[in-house]
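Notes to accompany the following structure.
The values are calculated or read from the model by the stated rules, or taken from the named source; none is laboratory data. Everything numeric here is computed off the predicted structure, so don't read it as measured data. FYI the Cβ positions are ideal-geometry reconstructions off the backbone, even for glycines, and counts take in every protein chain you see.
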């Protein structure tokens with residue numbers, strides 16, 4: 001798909017404004033649609049000098065905590081292989097793990113309560129120690145496990161060690177073999193590979209630069225070690241959008257993106273949450289998944305519209321300055337100037353088999369309309385409103401996809417003549433008329449009926 005030249009100019013201009021107004025040595029970005037990179041751009045130079053080498057889509061930037069998403073996907077792959085359960089205490093697989101009674105799911109969702117950073121020096125700016133060093137530092141619990149969201153870099157160091165123990169090789173080699181190589185992400189690595197951007201701190205009150213250190217983070221590397229490019233991270237955005245190349249089941253990917261823990265700030269409306277390794281956002285009803293990343297000298301972001309698969313990646317080689325609005329502005333420009341065409345309507349003869357289910361139904365005295373969607377789902381009322389839900393067909397009946405009835409089974413009950421008598425939804429009785437006496441209403445129907 002080729003974007004209209006006016007769209008490309010608007011995107012390039014927005015990137016140039018960000019680099020100029022925010023005083024960033026360089027910024028680079030890309031947009032993904034239909035599983036591929038449809039636009040990329042860059043502004044500025046790798047060393048912040050006007051005559052320096054320009055950035056482009058092949059330049060490596062450090063992606064910080066976006067590294068965690070690779071670790072999380074590998075953990076879920078291990079789960080799907082039957083090697084672990086998310087409810088396992090991590091000590092079951094890593095006996096010397098600090099606070100080993102916390103569960104794998106809690107570590108993935110930042111609800112373990114583990115301290116955010118290491119007990120030693122600022123780990124992002126010094127050479128990292130070994131796993132034994134991390135264990136010896138005796139990381140503490142700041143909150144009761146499962147009580148609340150508390151972002152923990154230490155927790156992902158533990159998950160990296162979990163991957164290493166179960167794969168019997170360093171976490172980064174496991175991720176490279178299982179994910180990076182099959183996806184063709186040859187420019188994603190734990191250390192910079194030329195051409196790579198230099199990490200800079202820009203003075204807040206003057207136009208001068210300060211070199212930021214680059215190092216191997218050791219045991220903390222799973223929390224933020226990776227470097228990547230616009231081209232490579234766009235492939236990871238496509239993965240999040242559903243183009244997983246068979247490396248992760250669609251149901252597992254959806255499970256990872258369910259909001260588990262709200263990132264709550266007292267006194268402010270919450271704007272984001274965390275799933276199993278992925279950050280999730282609900283922006284005026286539109287759901288996004290992705291992750292942000294920062295390390296001294298670098299900022300990065302990845303975000304995907306979970307409904308359409310459209311995604312964006314952004315990078316900067318500055319310690320601060322990249323506006324959180326940039327990634328949204330780029331995605332909005334794509335959506336507004338290059339709207340996705342609606343799916344054409346066509347008849348579905350298979351729905352005829354379920355026609356006797358559609359129409360009005362009553363749960364007690366509450367009325368609902370049951371309809372069929374083009375995806376083949378039963379739709380009870382309005383999903384998310386007054387216990388409205390969607391249901392997908394299975395060999396055991398219809399299973400709820402959302403709302404109050406998510407995961408619950410809707411069974412169709414037939415009478416002796418083979419006609420639909422009523423619906424049983426997790427023991428709730430739905431009938432064609434309120435309290436239909438022919439539908440075996442639990443608690444019976446009063447002898448006087450309606451009076």
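The table that follows gives values for the structure above.
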| quantity | calculated |
| --- | --- |
| Test: residue in segment 394-406 that is within 16 Å of residue 371 (Cα to Cα) and touching a helix residue (DSSP H, G or I) at 6+ places or on another chain (Cβ under 7 Å) | no |
| Looking only at segment 410-424, and only at residues there that are surrounded by 15 or more Cβ atoms within 10 Å (Cβ to Cβ) and without any contact (Cβ under 8 Å) to a residue 40 or more places away in the chain, the one that is nearest to residue 373 (Cα to Cα) | 410 |
| Qualifying residue in segment 28-41 (condition: under 22 Å from residue 189 (Cβ atoms), assigned to a helix (DSSP H, G or I) and either in the same structural domain as residue 172 (by TED's automatic domain parsing) or in contact (Cβ under 8 Å) with a residue 60 or more places away in the chain (or both)) | no |
| Set 24, 78: member being farther than 25 Å from residue 125 by Cβ and either crowded, with 19+ Cβ neighbours inside 10 Å or touching a helix residue (DSSP H, G or I) at 6+ places or on another chain (Cβ under 6 Å) (or both) | 78 |
| Residue among 233, 240, 253 that alone is at pLDDT 95 or above, under 12 Å from residue 306 (Cα atoms) and in contact with a strand residue (DSSP E or B) (Cβ under 8 Å, 6 or more places away or on another chain) | 240 |
| Output for segment 27-71, where each listed residue is at positive phi and out of contact with any helix residue (DSSP H, G or I) (no Cβ under 8 Å at 6 or more places or on another chain) | 34, 48, 64 |
| Residue satisfying condition, being free of Cβ contacts under 8 Å to residues at least 24 places away in the same chain, assigned to a helix (DSSP H, G or I) and loosely packed, with under 14 Cβ neighbours inside 10 Å, within set 347, 353 | 353 |
| Output for segment 280-293, where each listed residue is free of Cβ contacts under 8 Å to residues at least 40 places away in the same chain, assigned to a strand (DSSP E or B) and more than 12 Å from the chain's Cα centre (by Cα) | 286 |
| Selection within segment 392-409 - surrounded by 13 or more Cβ atoms within 10 Å (Cβ to Cβ) and at positive phi | 397, 403 |
| Any hit, segment 358-370, residues being in a loop (DSSP other than H, G, I, E, B) and surrounded by 13 or more Cβ atoms within 10 Å (Cβ to Cβ) | yes |
| Only listed residue being out of contact with any strand residue (DSSP E or B) (no Cβ under 7 Å at 6 or more places or on another chain), in a loop (DSSP other than H, G, I, E, B) and either assigned by TED's automatic domain parsing to the domain that holds residue 169 or surrounded by 19 or more Cβ atoms within 10 Å (Cβ to Cβ) (or both), chosen from 58, 48, 87 | 58 |
| Conditions (1) at pLDDT 90 or above; (2) in a loop (DSSP other than H, G, I, E, B): number failed by residue 448 | (1) |
| Failed item in (1) under 14 Å from the mean Cα position of the chain (by Cα); (2) within 19 Å of residue 175 (Cβ to Cβ); (3) surrounded by fewer than 22 Cβ atoms within 10 Å (Cβ to Cβ); (4) in contact (Cβ under 8 Å) with a residue 12 or more places away in the chain, with residue 256 passing the rest | (3) |
| Residues within segment 103-144 that are assigned to a loop (DSSP other than H, G, I, E, B), touching a residue at least 40 places away in the same chain (Cβ under 8 Å) and within 22 Å of the chain's Cα centre (by Cα), tallied | 4 |
| Qualifying residue in segment 179-187 (condition: surrounded by 17 or more Cβ atoms within 10 Å (Cβ to Cβ), in contact with a helix residue (DSSP H, G or I) (Cβ under 7 Å, 6 or more places away or on another chain) and free of Cβ contacts under 8 Å to residues at least 12 places away in the same chain) | no |
